[in-house]
Every structure is written in structure tokens, then in C-alpha cells.
Amino acid sequence: MTNSRAKGANFERKVCNMIIDELGLEDVKRDIEQYRQKDRGDILGVPGWTIECKSYSADRGAGGNYKPEWWAQCCTAAFAAGCEPVLIYKYNHQPIKCVVFLSSINSDYAGKDNTATITFSTWCMLVREGLE
């Protein structure tokens, strides 16, 4: 396993544990099939969501923002699964951020491609509301 692949796997495990702690979902786990089959998310067990995780070194060119190809990958996997996409990403020495469609927050934006970058705890609130 390369260093970047190990770093990604470690971040996925960390996110799984954070989801379990925040939401109490016991079946949250890494999707090992993601390495064998394309158009799959990184984490399973959050109903209605496809989760893509990215952990990268500080990239001055990105300014702490996500890369468009990360979001595209996330959306492709989510649409294949019939779920809402969430990109959970982190640069070194920066907080974890989540990207969702704005329609995940406000249904008035349904059918539009607008996105919102939110905190991990805010995304957990959205998930919690959807589980009720």
C-alpha cells in the first residue's frame, strides 16, 4: 500500500469512527469493494448518503477548497447508488469539511447543482434529521 493510499484508508477509518460517535450508527464501515469496482463511495452504513473521503497535504493552490474532480467522483458514485453525495475532505493541519448539494439543506434548491461547504457536525445534523 502506498503512503497516499494508507493515508486515505486511515482518514476513512477516522471518519467512520467519528460517524459512529456522532450518530450512533453501528454498521458504518469502509467499503473495501471501492478498490475493485468503480463508482462506489468510501464508507457504507449511513442511510441515504454516499460518502467520499479525501485527505491531502496542504495545497496552497487549492486555498483549502475541494478539487472539482473530487466532487465529480463523489456525485458519480452517489448517483449510481441513488443516494445524496457528501464529500468529506481534509488538508493537513486544517479542519474537516463536508460538501453537499445545497438541496440537502434546503429543498428549494432541488434540481440545481449548487453546493455548500459545511462542518462535519453540521453534516451530522443533516443526517440525524433525515433519520428521524
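The values are calculated or read from the model by the stated rules, or taken from the named source; none is laboratory data. Remember, predicted model here, so these are calculated numbers, not experimental data. Virtual Cβ from ideal backbone geometry, glycine too; neighbours counted across all protein chains shown. Surface areas here come from the heavy atoms of the whole protein model, side chains and all, with no ligands, DNA or RNA. Shrake-Rupley method; radii C 1.70, N 1.55, O 1.52, S 1.80 Å.
Among the residues making up region 21-53, those that are of a type in the set (V, I, T) and within 21 Å of S104 (Cβ to Cβ) are V28, I43, V46, T50, I51. The set of residues in region 43-63 that are at pLDDT below 90 and touching a Lys or Arg at 6+ places or on another chain (Cβ under 8 Å) contains only Y56. The single condition among (1) in contact (Cβ under 8 Å) with a residue 40 or more places away in the chain; (2) open to solvent by 80 Å² or more (accessible area, probe 1.4 Å) that E132 does not satisfy is (1). Taking only region 43-56 into account, find how many residues are surrounded by fewer than 22 Cβ atoms within 10 Å (Cβ to Cβ) and either among the acidic types (D, E) or in a loop (DSSP other than H, G, I, E, B) (or both). Final tally of qualifying residues: 3.
Residues of region 1-28 that are outside any loop (DSSP other than H, G, I, E, B), among the hydrophobic types (A, V, I, L, M, F, W, C) and surrounded by 15 or more Cβ atoms within 10 Å (Cβ to Cβ): A9, F11, V15, C16, M18, I19, I20, L23. Taking the stated definitions as given, is Y35 at pLDDT below 95 and closer than 19 Å to K14 by Cα? When the stated conditions are applied, Y35 passes them. The single condition from (1) of a type outside the set (D, E, K, R); (2) farther than 16 Å from F11 by Cβ; (3) surrounded by 19 or more Cβ atoms within 10 Å (Cβ to Cβ) that F79 fails is (3). Pairs meeting the criteria (first residue in region 2-25 and in contact (Cβ under 8 Å) with a residue 40 or more places away in the chain and over 24 Å from G48 (Cβ atoms), second residue in a helix (DSSP H, G or I) and open to solvent by 90 Å² or more (accessible area, probe 1.4 Å), beta carbons under 9 Å, at least 6 apart or on different chains) are lacking. Within region 110-132, not a single residue is at pLDDT below 95 and either among the aromatic types (F, W, Y) or part of a strand (DSSP E or B) (or both). The set of residues in region 91-115 being open to solvent by 40 Å² or more (accessible area, probe 1.4 Å) and under 17 Å from S57 (Cα atoms) consists of N92, H93, Q94, P95, K97.
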